[in-house]
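One structure is given below, encoded as structure tokens.
The values are calculated or read from the model by the stated rules, or taken from the named source; none is laboratory data. Note that this is a predicted model, so its numbers are computed, not measured. As a convention, Cβ positions derive from the backbone with ideal geometry for all residues, glycine included, and neighbour counts pool all protein chains shown.
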Amino acid sequence: MRKLTQRTEAVVSLSALEHNINRIRSIIGGEAEIMAVLKGDGYGHGEKGIYPTLKKCGIERYAVAVWEEGASLRKAGCTEPILLLGDTCDLQLENLMKYNLTPAIFSYDTAEKLNTLAQWSGIVQPVHIKLDTGMSRIGFPADDSSVEIIKKISEMSHLRIDGAFTHFSRADEPDGVSAKSQFDKYLAMINKLEAEGIPIPCKHVANSPAVLLRPETTLDAVRAGDILFGLCPVDEDMWEKADFRQVMSWYTYVVMVKEVPTGTEVGYGGTFVTKRPTKIATIPVGFADGYSRALSNRGKVRINGEEAPVIGRICMDQFMVDVTDIGEVKRGDTVALLDDRLSVLWMADLLEKNVDEIVCGISKRVPRIYEA
């Protein structure tokens, strides 16, 4: 177990990140690019802390959700193209030019406003066209009704279409029926656009599960999010064989150990009552740190390599575990909240959540520590 110098820390393994990048490349081959998806502050891993490793590994494209994340990535030194996967409100469109960000365009009105702003700024603004092939979220309908509109956008004097993409809604399903339908719609739409003289330099549709299950969707680039950070996006049996490594672990320490008699209530509301003389360790982390309150009386941690169950309710800043059966435990002993054995996937399954919710939910007051 590692030794801590502070209350808690989320440890980001840069060697695991590099391993995952190499693993993605081995799957997609040498022609397609990896677009590193760093939305949600790099899925909670901290985009500024991981960017140098991504750059060292030759990542040449990035994607985030909102312009603020793109600006943060620019301030971290990123010079490569950054695609915004979500919307930018009209009053903030100037920030796209200020930080050299590439927006997803899915309405003529926004394209027109952006073209005007780009003209005032004396630049040609790069954009990617977003197509809706079945997600029913944002995007131009992938049918004939959108061809003329996109053609008009392509003719705007200060916009340049650098790519077009769609988003799979069910790429993780083994039969692939839904994903194939969406992919076919996307390709048909691209063919229509190119037939109208609209070149699409970068075609990208594959997300993390598609990288693993749908090799035919690789095209010019793949958008790697979950798999970049070793977060399972597919069936667990397949994931075990995929050879990706969890990038983040989470540690804290034991604050206090006390022994209480049978019949002692533990925590708010007395939701746990000891059924035997019990040795309790108090842990200085709570739901304000992102350790979910739903782990009350359900979760477990590792102390000195052994598992200890959570007892009582998770508080905002602390919780308690039963260490009666794991030998000597003392103040200062390291506690693993997430590691190679208590994985993000394990916690997600326990809480019936998506793996992304776990890592993105670890709050900003938990320092991210970057280790080779």
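Only one of these is at pLDDT below 95, under 23 Å from L231 (Cα atoms) and either over 25 Å from the mean Cα position of the chain (by Cα) or outside the structural domain of D41 (by TED's automatic domain parsing) (or both): D340, D289. Name it. Steps first, answer last, please.
Values: D289 fails: at pLDDT below 95.
Every option except D340 fails the conditions.
Could you check, for the range 317-328, whether at least one of its residues is modelled with pLDDT of 95 or more, within 20 Å of S13 (Cβ to Cβ) and among the hydrophobic types (A, V, I, L, M, F, W, C)?
no
Six or more apart or on different chains, Cβ atoms under 8 Å: show the pairs whose first residue is in the range 22-35 and touching a residue at least 60 places away in the same chain (Cβ under 8 Å) and under 13 Å from L54 (Cα atoms) and whose second is hydroxyl-bearing (S, T, Y) and crowded, with 17+ Cβ neighbours inside 10 Å.
M35/Y62
Within the range 221-232, does at least one residue satisfy the condition of being in contact (Cβ under 8 Å) with a residue 40 or more places away in the chain, surrounded by fewer than 20 Cβ atoms within 10 Å (Cβ to Cβ) and not small (G, A, S)? So that I can check it myself, show each step before the final result.
Going through the range 221-232, the residues in contact (Cβ under 8 Å) with a residue 40 or more places away in the chain turn out to be 221-232.
With the extra rule that they be surrounded by fewer than 20 Cβ atoms within 10 Å (Cβ to Cβ), the set shrinks to none.
The answer is no; no qualifying residue exists.
In the range 295-333, what residues are out of contact with any Lys or Arg (no Cβ under 6 Å at 6 or more places or on another chain), under 30 Å from E240 (Cα atoms) and not hydrophobic (A, V, I, L, M, F, W, C)?
Answer for the range 295-333, where residues must be out of contact with any Lys or Arg (no Cβ under 6 Å at 6 or more places or on another chain), under 30 Å from E240 (Cα atoms) and not hydrophobic (A, V, I, L, M, F, W, C): N297, R298, G299, K300, R302, N304, G305, E306.
When residues of the range 346-359 are filtered for being in a helix (DSSP H, G or I), surrounded by fewer than 18 Cβ atoms within 10 Å (Cβ to Cβ) and not charged (D, E, K, R), how many remain? Before the answer, list the steps.
Within the range 346-359, the subset in a helix (DSSP H, G or I) is 346-351, 355-359.
This time we only want the ones that are surrounded by fewer than 18 Cβ atoms within 10 Å (Cβ to Cβ), so: 346, 349-351, 357.
Still in the running and not charged (D, E, K, R): 346, 350-351.
So the answer is 3.
Please give the number of the condition Y251 fails out of (1) among the hydroxyl-bearing types (S, T, Y); (2) touching a strand residue (DSSP E or B) at 6+ places or on another chain (Cβ under 7 Å); (3) assigned to a loop (DSSP other than H, G, I, E, B).
So Y251 meets the others, but not (3).
Scanning for something in the same structural domain as E94 (by TED's automatic domain parsing), closer than 22 Å to M97 by Cβ and in contact with a Gly (Cβ under 6 Å, 6 or more places away or on another chain), does the range 203-212 turn up at least one residue?
We begin by selecting, within the range 203-212, every residue in the same structural domain as E94 (by TED's automatic domain parsing); these are 203-212.
Imposing the further condition that a residue be closer than 22 Å to M97 by Cβ reduces the set to none.
No - not one qualifying residue is present in the range 203-212.
Sort out for me the helices (runs of 4 or more DSSP H) sitting completely within the range 1-101 that have 3 or more residues that are within 19 Å of the chain's Cα centre (by Cα). Quick ask: steps written out before the conclusion?
On the way: elements: 14-28, 39-43, 47-56, 67-75, 94-98.
Output list reads 14-28, 39-43, 47-56, 67-75.
Give the range 265-286 a look and list any residue that's of a type in the set (S, T, Y) and under 35 Å from the mean Cα position of the chain (by Cα), or say none. Steps first, please.
Pass one, the range 265-286, residues of a type in the set (S, T, Y): 268, 271, 274, 278, 282.
Answer for the range 265-286, where residues must be of a type in the set (S, T, Y) and under 35 Å from the mean Cα position of the chain (by Cα): Y268, T271, T282.
Pick out the one residue from V273, V285 that is of a type outside the set (F, W, Y) and surrounded by 15 or more Cβ atoms within 10 Å (Cβ to Cβ).
Details: V273 fails: surrounded by 15 or more Cβ atoms within 10 Å (Cβ to Cβ).
It is V285.
Given the criterion in contact (Cβ under 8 Å) with a residue 40 or more places away in the chain and part of a loop (DSSP other than H, G, I, E, B), identify the matching residue among V321, V285, V301. Even if it seems obvious, please write down each step before you answer.
On the way: V321 fails: part of a loop (DSSP other than H, G, I, E, B); V301 fails: part of a loop (DSSP other than H, G, I, E, B).
It is V285.
Which of the residues spanning the range 140-166 are part of a loop (DSSP other than H, G, I, E, B) and buried (at least 22 other Cβ atoms within 10 Å of the Cβ)? Explain how you work it out, then say what you get.
Residues of the range 140-166 that are part of a loop (DSSP other than H, G, I, E, B), as a first pass: 142-143, 155-158, 166.
Hits for the range 140-166 are A142, T166.
Take R61 and tell me if it is free of Cβ contacts under 8 Å to residues at least 24 places away in the same chain and at negative phi. Please lay out each step first, then the result.
Numbers: free of Cβ contacts under 8 Å to residues at least 24 places away in the same chain: no; at negative phi: yes.
No.
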